[in-house]
Amino acid sequence: MKLEAAVELSERIKRITVSPTMLVLQEAEKYKAKGVDVVDFGPGEPDFPTPEHIKRTAIKALEENRTKYTATPGIAPLRQAICDWHAGNLGSSPAYEAAECVVTSGGKHAIFNAICCLIESGDEVLVPAPYWVSYPDIVKYAGGQPVFVQTRADDEFRLRAADVEKALTPRTRMVIVNSPCNPTGAVIPPEEFGEIFELCRHRGVWLLSDECYSHFTYGKAKPFTAASLPGTRESLIIAGSFSKTFAMTGWRMGYLLAPQPLIAAVTKLQSQSTSNATSIAQYAALEAARGPMDSVGTMLAEYARRRERILAGLRAIPGITCSAPEGAFYVFPNISAHLHADMASDTAAARQLLEREHVAVVPGEAFGAPGHVRISYATSLERIEEGLRRIARFFSNSSGQAQ
Ligand SMILES: Cc1ncc(COP(=O)(O)O)c(C=O)c1O
């Protein structure tokens, strides 16, 4: 601690905090290291292995010594394959060209770089709440100011153009959208997306669309990109990731699709920071983008089964309400009826749940939504059953005023 106090850190780094989802995972890890049987609903990553054909391609790339630096924005075939995949699987039209694509070390890196290249000190960035934990901190790191646009549980946490409009000011430079959303699973209907985009275009504001969960949608919701809407090219930025779609979180592969001058700026930033994304991982991503999509369908079918079960289980617990997520692999129940003097916040509830029942969840406060917790169902049905039993027992024993 003393040593830390002696290090004078930049004002910039002091503006941000360690990702709160990482903190919860660390806490759960401590219990696991002691041999405790933790039901871990924390992870924001698929529990499936990376598909075999992708792994095999990476092994081949290694054997062929594709272990050198590559071009900073990524190998040319991968940039083209991402554009083709995006047009074929999400319907971007006209298809992006390779020069409008930069390969990054994960989707977070893509978002970080785009914001660092565009946001000036004092710029406002609209962030729908509940939000993925990293958006506000990345905006602050760049010197901007996050402005939250509240979505509501009784409207399935959908972002509404009318609410975006109310929050726009002359200082707004960017609107971030994340559909399907982490943590709520909310999906923005295509018409609403169109209206939000039109607002942005009218005001000369960037729309940054984080499509990280694009292929995990349920019921009527379908994979969708704003880049399929007419006339979006000039003010739209797409941030994509291989992490969730292809169960490749550890490979760190993501991309941006955006107007060429922004791609050039991000490439410049990468040339002075990370350089290219890992060469072997780029070949693996090339196979993911060009190869069969069967594994995605298999994962989606399994997530759909788990989603049904966890929703039913949570809704059966007195005092808990939970809207039905249309996408991603999270549920976001409201537990506020169970809060009381000895368990006054969702963070306290998450801590007690971990201590008493060894169930790890992420407190809603981390996502700007007090009174909620995020439960990831990227774990087996058996673990979901066990977790539901423990959660039900926890809330029936907690001395709250649940009605
Ligand atoms: C909404 C959202 N965007 C982006 C990311 C970044 O993913 P990655 O950096 O692994 O590609 C995540 C990861 O959890 C996320 O939940």
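The values are calculated or read from the model by the stated rules, or taken from the named source; none is laboratory data. All figures in this text were calculated on a predicted structure; none of them were measured in a lab. Here the Cβ is made from the backbone with ideal geometry for all residues, glycine too, and neighbour counts use every protein chain on show. The protein model used for the area step is the full one, side chains on, heavy atoms only, and it has no ligands, DNA or RNA in it. Shrake-Rupley method; radii C 1.70, N 1.55, O 1.52, S 1.80 Å.
Annotation: amide H-H contacts under 5 Å for Val149 (H modelled 1.01 Å from N, sequence separation of 5 or more, or interchain): Val127, Ala129.
Give me the percent of accessible area attributable to carbon and sulfur for the range 1-155, probe 1.4 angstrom.
Roughly 55 percent, rounded to a whole number.
Here the 3J(HN,Hα) profile of the range 340-346, calculated from phi with Karplus coefficients 6.51, -1.76 and 1.60 at θ = phi - 60°, is 7, 3, 8, 8, 7, 9, 5 Hz, Gly and Pro shown as x.
Computed from Cα atoms, the angle from the helix 52-63 axis to the main principal axis of the chain rounds to 50 degrees.
If only the Cβ of Lys and Arg carry +1 and only the Cβ of Asp and Glu carry -1, the dipole of the range 114-273 around its Cα centre is close to 340 debye. Subtracting the Cα-Cα distance of Glu97 and Ala337 from their residue separation scaled by 0.36 nm leaves 81.3 nm.
Distance between the C-alpha centres of the range 256-279 and the range 126-191: 25 Å, rounded to the whole angstrom. Residues of the range 20-53 with amide nitrogen under 14 Å from the 7 Å Cα-to-Cβ point of Arg389? The answer is 37-39. Backbone phi angles across the range 173-184, fed through the Karplus curve with coefficients 6.51, -1.76 and 1.60 (θ = phi - 60°), yield HN-Hα couplings of 10, 7, 10, 9, 10, 9, 9, x, 9, 9, x, 8 Hz in residue order; Gly and Pro are listed as x.
Given +1 at the Cβ of Lys and Arg, -1 at the Cβ of Asp and Glu and no other charges, the dipole of the range 252-403 around its Cα centre is 80 debye to the nearest 20.
The calculated Kirkwood hydrodynamic radius for the chain is 21.9 Å, given to one decimal from all distinct C-alpha pairs. Counting only DSSP H runs of at least 4 residues, each contributing -39500 (n - 2.57), and dividing by the residue count of the chain, the helix-based mean residue ellipticity at 222 nm comes to -12500 deg cm²/dmol.
Past 26 Å, Cα to Cα: identify those pairs from Lys108/Lys268; Lys140/Lys220; Lys68/Lys268, in the order given.
Lys140/Lys220, as the Cα separations exceed 26 Å there.
Would you please give the FRET efficiency between Ala304 and Glu64, computed as 1/(1 + (r/R0)^6) with r the Cβ-Cβ distance and R0 = 35 Å, to the nearest 0.05? Please list the in-between numbers first.
Numbers: r = 38 Å, r/R0 = 1.10.
Efficiency for this residue pair is about 0.35.
Residue separation of His202 and Ser380 scaled by 0.36 nm, minus their Cα-Cα distance, works out to 59.5 nm of gained length. Heavy atoms of the protein chains alone define the surface here; on that basis the chain has 43 Å² accessible area per residue at 1.4 Å probe size. Ordering Val24, Cys101, Pro333 by the projection of their Cα atoms onto the charge dipole of the chain, which places +1 on the Cβ of Lys and Arg and -1 on the Cβ of Asp and Glu, puts Val24 at the extreme positive end. Projecting the Cα atoms of Ser271, Val125, Ile82 onto the charge dipole of the chain, computed from C-beta unit charges around the Cα centre, puts Ser271 farthest toward the positive end. Only Lys, Arg, Asp and Glu carry charge here, each on its Cβ (+1 for the first two, -1 for the last two); on that basis the range 210-326 has a dipole of about 240 debye about its Cα centre. By DSSP, the beta bridges lying fully in the chain are antiparallel in about 45 percent of cases.
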